[in-house]
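S.K.: The structure's right below; bear with me while I get my questions together.
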Amino acid sequence: MTEVTLSNVVKKYGALQAVHGIDLDIQDGEFVVLVGPSGCGKSTTLRMIAGLEDISGGEVSIGGRVVNDLPPRERNISMVFQNYALYPHMTVRENLGFSLKIAKRPGAEITEAVNEAAQILGLDELMDRKPAALSGGQRQRVAMGRAIVRHPDVFLFDEPLSNLDAKLRTQMRVEIKKLHQKVESTIIYVTHDQIEAMTLADRIVLMRDGHIVQVGTPLELFNAPVDTFVATFIGSPPMNLVDGVVEDGQIVLDGGVTLPVPTTAGRLSEGQAIKFGFRADNLMPAGHAVDEDGAVYELDLAVTLTEPLGTETLLFTNMAGVEVQGKMFNPRPVRPGEKMNFRLMLDKCHVFDAQSGHAIRR
Ligand SMILES: Nc1ncnc2c1ncn2[C@@H]1O[C@H](COP(=O)(O)OP(=O)(O)OP(=O)(O)O)[C@@H](O)[C@H]1O
Ligand SMILES: [Mg+2]
């Protein structure tokens, strides 16, 4: 069993505290993605799990064993980095087997492990080539193969796809997901890309300034963000946020639009300053099938700009003086300035406290 547990883990670089006492329980076989803006402490956290960085406080356990003082090679982990330097003078086969050779494993075991990794990653045809004769995606697969041959309990990935172009990233994302289905190892994966996090993770750990802001499944973070940071970080386009205030038990947006309080919102106090949040998917022109159960609020808005994406078109408009985005799922041409009757699915909307940014939810 290889669960990974972080208890009150701290990292200090001199006066700078990069990681502020984080707690995290990762299950055996789970695919966990650490995501967050640049500098929030993702790599530092991963490197402390790997043993590449000293732990300033707290405990890291792998498979029930505290590893704080174990060197990386004794943790039975494999790490794949963004810059996965392959050995240029070695063939793919030699690259794959190198770490086992260094560890003085028997030849037959190396051959078996290398062949197995090649098969899992579809490298069989490329075994005698050198890295210079491989595409970016193929090189990335060799880098993953080098991690697989060691049969680690835990795979650690730090932005392994950042050097690839957009199309290849999407392909490799699928391959990494397939890899996880095959090897069933615990994977901890770092990225700053929320789409990668959403598509890969069993659970997402969203970090900010060395703290964990929210942990949950991709849909939990998408549907129930704990604050405005999560609401705008997860999902594309980011959640629309409009300032408002609670008046007579209703929500009055700053530009004058008055809305009923969504039934999903928790207790609000009279005069409370709030941010009213909703996703583009929940603001649609009339004529779309809407969620029959939920309350719907109708409003006429002028479209300022459209972004056709194929199966859907993003509609930019202004609500209470703030630019917001809605969506149209049966795209037709829309003139800029055209007034459309929109429906806002009220019970999918979010209310946040304006000061703290915290979600106010039942
Ligand atoms: N060796 C170091 N010495 C001093 N400060 C460091 C060191 N490594 C990282 N830091 C600082 O620690 C903080 C967290 O860095 P970290 O590399 O973990 O961020 P990250 O979330 O991985 O960001 P990115 O998405 O840019 O890779 C940053 O403020 C960074 O400047
Ligand atoms: Mg990093």
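The values are calculated or read from the model by the stated rules, or taken from the named source; none is laboratory data. Source: prediction; values computed, not measured. With ideal geometry, Cβ positions are generated from the backbone for all residues, glycine too; neighbour counts draw on all protein chains shown. For accessibility, only protein heavy atoms count, side chains too; no ligands or nucleic acids. Shrake-Rupley method; radii C 1.70, N 1.55, O 1.52, S 1.80 Å.
S.K.: Kindly evaluate Gly277 against the criterion of being of a type in the set (Gly, Ala, Ser), within 15 Å of Val257 (Cα to Cα) and open to solvent by less than 60 Å² (accessible area, probe 1.4 Å).
M.R.: Yes.
S.K.: I'm trying to understand the selection: among the residues of the range 136-178, which are more than 16 Å from ligand 1 (Cβ to nearest atom), in contact (Cβ under 8 Å) with a residue 12 or more places away in the chain and of a type in the set (Gly, Ala, Ser)?
M.R.: Gly136, Gly137, Ala143, Gly145, Ala147, listed by residue number.
S.K.: Still on this model: Of everything in the range 1-58 that's among the acidic types (Asp, Glu) and either crowded, with 22+ Cβ neighbours inside 10 Å or within 15 Å of ligand 1 (Cβ to nearest atom) (or both), which residue is farthest from Thr232 (Cα to Cα)?
M.R.: Asp54
S.K.: In addition: Taking strands (runs of 3 or more DSSP E) that fall entirely within the range 1-115, which contain at least 3 residues that are under 21 Å from His151 (Cα atoms)?
M.R.: The strands (runs of 3 or more DSSP E) meeting that bar are 31-35, 57-62, 77-80.
S.K.: Next question, about the same structure. As an exercise: evaluate Gly58 against (1) on the phi > 0 side of the Ramachandran plot; (2) out of contact with any Ser or Thr (no Cβ under 7 Å at 6 or more places or on another chain); (3) not hydroxyl-bearing (Ser, Thr, Tyr) and give the number of the one condition it does not meet.
M.R.: (2)
S.K.: Which one of these is farther than 18 Å from Pro152 by Cα, in contact (Cβ under 8 Å) with a residue 24 or more places away in the chain and in contact with a helix residue (DSSP H, G or I) (Cβ under 9 Å, 6 or more places away or on another chain): Leu121, Leu126, Leu100, Leu96?
M.R.: Result of the check over Leu121, Leu126, Leu100, Leu96: Leu126.
S.K.: While we're on this one: Of these, Gly294, Gly255, which one is open to solvent by less than 30 Å² (accessible area, probe 1.4 Å), touching a residue at least 24 places away in the same chain (Cβ under 8 Å), of a type outside the set (Asp, Glu) and assigned to a loop (DSSP other than H, G, I, E, B)?
M.R.: After applying the criteria, what remains is Gly294.
S.K.: Farther than 19 Å from Phe222 by Cβ and open to solvent by 90 Å² or more (accessible area, probe 1.4 Å): does that describe Arg332?
M.R.: Yes, satisfied.
S.K.: Can you tell me which residue among Ala108, Ala85 is open to solvent by 70 Å² or more (accessible area, probe 1.4 Å), under 29 Å from Gly137 (Cβ atoms), among the aliphatic types (A, V, I, L, M) and more than 16 Å from ligand 2 (Cβ to nearest atom)?
M.R.: Going through Ala108, Ala85 in turn, just one is open to solvent by 70 Å² or more (accessible area, probe 1.4 Å), under 29 Å from Gly137 (Cβ atoms), among the aliphatic types (A, V, I, L, M) and more than 16 Å from ligand 2 (Cβ to nearest atom): Ala85.
S.K.: Considering the range 132-147 alone, what residues qualify as being open to solvent by 10 Å² or more (accessible area, probe 1.4 Å) and assigned to a helix (DSSP H, G or I)?
M.R.: Of everything in the range 132-147, those that are open to solvent by 10 Å² or more (accessible area, probe 1.4 Å) and assigned to a helix (DSSP H, G or I) turn out to be Ala132, Ala133, Gly136, Gln138, Arg139, Arg141, Arg146.
S.K.: Since Val80 meets every condition but one in (1) at positive phi; (2) within 15 Å of ligand 1 (Cβ to nearest atom), which condition does it not meet?
M.R.: (1)
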